[in-house]
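Quick notes on the structure that follows.
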Amino acid sequence: MNPPAVPASVSRGSLIEARGVFKSFGQTPALRGADVTVGQGEIFAIMGPSGSGKSTLLHCLAGIFTPDAGDVLFDGQAVNAMSEADRTKLRRTAFGFVFQFGQLVPELTAADNVALPLLLNRTRRKVAYKTADTWLDRLGIGDKGGRRTGELSGGEAQRVAVARALALAPKVIFADEPTGSLDSLTGEKVMDLMTGLAREQGATVVLVTHDARIAAYADRVAMVRDGLVAAMDRSTITASSSTAARGAH
Amino acid sequence: MSVPLTLLGLLEREPSHGYDLKRDYDNFFGRGKQLPFGQVYATLGRLARDGKVIAGDAEPGDGPDRKRYAITDTGRHEVDDWLAEPVEPEPHLQTVLFAKVTLALMLGKPAEAYLDSQRAAHMRRMQELTDLKRTGPLVDVLLADHALFHLEADLRWIDLTSVRLKELAEAVRN
């Protein structure tokens with residue numbers, strides 16, 4: 001069998017890059033010169049053992065953490081050189097986030113949760129709620145819009161989180177263990193919806209997972225080990241460890 | 001498990017008699033099923049015929065085990081190619097992977113790189129199967145799931161072995 005075809009929406013241009021990124025927490029190094037390149041429209045999975053630095057890498061790529069050294073580029077711009085205000089604006093307008101836990105406001109309804117970031121971006125209320133309803137429908141939970149998210153099942157709540165991320169029409173969705181709290185079947189359904197809809201929208205997905213079955217939804221998979229990105233497949237993965245940079249710290 | 005390639009790998013450490021090869025094979029790879037002497041000598045004979053090993057002169061003593069075998073450059077290349085080539089990702093390949101990793105560690109070859117290469121081959125196969133699940137009928141989905149779970153089990157073994165390589169290297173070299 002041939003490898004899966006690269007979807008038509010994937011272009012070869014790079015959208016996000018990490019170049020020799022170092023990040024430590026106190027005396028503990030999490031990233032030791034990580035290099036990675038993610039293409040426009042690509043579904044890109046980052047795997048690695050616990051403590052390998054995979055979540056730290058995702059947080060650096062998303063502009064949530066600032067690297068101690070090295071650069072993170074988004075669309076050619078150095079995210080780490082931006083002001084905090086510009087980074088926040090970038091995260092609110094160009095990035096969507098799906099995490100394992102704690103991203104939804106449990107007291108608000110599913111529709112409120114999806115509409116909230118749109119309202120924060122000054123979308124008119126009526127448009128925000130119409131968009132929220134559309135995305136909840138597309139994720140197969142259109143009938144749950146009026147339910148508080150605290151009352152939803154884990155799978156339903158993750159679909160709300162995916163709807164909220166996609167409703168912003170982001171250029172990139174960053175997902176950190178998005179199926180970590182779900183059973184296998186529900187997790188796969190969420191992945192199927194998230195990757196399918198992201199492809200339709202031309203959005204790039206950067207996904208962290210320890211689960212190979214979830215990583216298999218990606219176009220490319222990279223392995224993080226000891227704070228470095230190891231290429232898993234040299235023919236298709238451009239990521240590589242920054243051996244030269246390693247000596248710098 | 002490839003007996004000829006495993007014996008060749010054992011010979012790469014140092015020239016050995018058939019008896020020593022059988023003992024080490026049984027110790028590391030036999031897992032309760034011993035390699036018959038007849039198979040050891042027949043295999044060594046074929047390897048010598050194909051130019052992968054050379055047999056030394058018969059040494060004084062009784063019995064058939066009087067020749068010391070040494071690997072040739074041809075044999076060495078064959079071991080290197082075999083170790084570097086990922087195994088076709090399919091269920092129940094643990095014994096081959098196990099043999100490759102153990103031999104690589106014995107010979108001081110890059111076991112981690114072999115495991116990375118195998119992990120990439122597994123991931124590619126899992127991507128193909130996941131793609132099949134997205135588009136195929138339910139029967140294909142069920143079959144793909146079965147294969148995916150087996151591949152995932154192999155991957156877990158690969159990951160765990162990767163982090164234990166130093167400890168394993170010390171164990172097989174002592």
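The H on the amide N of A:PHE65, modeled in the peptide plane, is under 5 Å from the matching H of A:CYS60, each at least 5 residues off or on a different chain. Taken one residue at a time, the phi angles of the range B:16-22 give Karplus couplings (6.51, -1.76, 1.60, θ = phi - 60°) of 9, 7, x, 4, 5, 5, 4 Hz. Gly and Pro are set to x.
Extending 7 Å from Cα along the Cβ direction at A:GLU107 and again at A:GLN201 yields two label points whose distance is 2.8 nm. Residue pairs exceeding 26 angstrom between C-alpha atoms, taken from B:LYS52/B:LYS166; A:LYS23/B:LYS109; A:LYS54/B:LYS100; A:LYS54/A:LYS171; A:LYS54/A:LYS189; A:LYS189/B:LYS100: B:LYS52/B:LYS166; A:LYS23/B:LYS109; A:LYS54/B:LYS100; A:LYS189/B:LYS100.
Running a GNM on chain B with Cα contacts under 10 Å, which residue among B:LEU142, B:LEU105, B:LEU97 ends up with the highest mean-square fluctuation? Looking only at B:LEU142, B:LEU105, B:LEU97, the largest GNM fluctuation is found for B:LEU142.
If N is the number of residues in chain B, what value comes out of its Cα radius of gyration divided by 2.2 N^0.38 Å? Let's see the in-between values first.
Numbers: Rg = 19.1 Å, N = 174, 2.2 N^0.38 = 15.6 Å.
That works out to 1.22 for chain B.
Just checking the listed ones, A:ILE141, A:ILE214, A:ILE43: in the Gaussian network model of chain A with Cα springs under 10 Å, the one fluctuating most is A:ILE141.
The angle between the Cα long axis of helix B:37-49 and the main principal axis of chain B comes to about 90°, on a 0 to 90 degree scale. The angle between the Cα long axis of helix A:110-120 and the main principal axis of chain A comes to about 60°, on a 0 to 90 degree scale.
Taking amide H as placed 1.01 Å from N in the peptide plane, B:THR72 has its amide H under 5 Å from the amide H of B:VAL53, B:ILE54, each at least 5 places away in sequence or on another chain.
The aspartates and glutamates within cross-link reach of A:LYS130, meaning a Cα-to-Cα straight distance under 18 Å and a gap of 8 or more places when in the same chain, are A:ASP112, A:ASP143. Counting Cβ atoms of other protein chains within 10 Å of each residue's Cβ and taking the mean over peptide B:130-139 gives 3. Under conditions of 37 °C and 0.692 mPa s, chain A yields 179 µm² s⁻¹ as its translational diffusion coefficient, taking Rh as the Kirkwood radius over Cα pairs in the Stokes-Einstein equation.
Once the Cα atoms are used to define both axes, helix B:94-106 deviates from the longest principal axis of chain B by about 50 degrees.
Of B:ARG66, B:ARG134, B:ARG13, the residue with the greatest mean-square motion in the GNM of chain B, using alpha carbon springs below 10 Å, is B:ARG134. Of the peptides B:159-168, A:44-53, A:204-213, A:142-151, the ranking by mean beta-carbon count within 10 Å, highest at the top, reads A:204-213, A:44-53, A:142-151, B:159-168.
Suppose the Debye formula is applied to equal point scatterers at every Cα of the range B:1-77; what is log10 I(q)/I(0) at q = 0.13, 0.14, 0.25, 0.26 Å⁻¹? For the requested q values the scattering log ratios are -0.34, -0.39, -1.24, -1.32. Over chain A, DSSP H runs of length four or greater, each weighted -39,500 (n - 2.57), average out per residue to a 222 nm ellipticity of -10000 deg cm²/dmol.
Looking at the protein assembly as shown alone, DSSP beta bridges between its own residues are antiparallel in about 60 percent of cases. For the range B:85-174, the convex hull drawn through the C-alpha positions has a volume of 76 cubic angstrom per residue.
3J(HN,Hα) couplings calculated from phi for the range A:49-62 with the Karplus curve 6.51 cos²θ - 1.76 cosθ + 1.60 (θ = phi - 60°) are, in sequence order, x, 4, x, 6, x, 5, 5, 4, 4, 4, 5, 5, 4, 8 Hz; Gly and Pro show x. Summary of the geometry: the range B:9-57 and the range A:171-213, compared by the centres of their Cα atoms, lie 50 Å apart.
Summarising the amide proton neighbourhood of A:LEU228: residues at separation of 5 or more, or on other chains, whose placed amide H is nearer than 5 Å comprise A:ARG32.
A short reminder: the numbers here are calculations on the coordinates, not readings from a lab. As the structure is a prediction and not an experimental result, all values here were calculated from the model. Cβ: placed from backbone, ideal geometry, glycine included. Neighbour counts: every protein chain shown.
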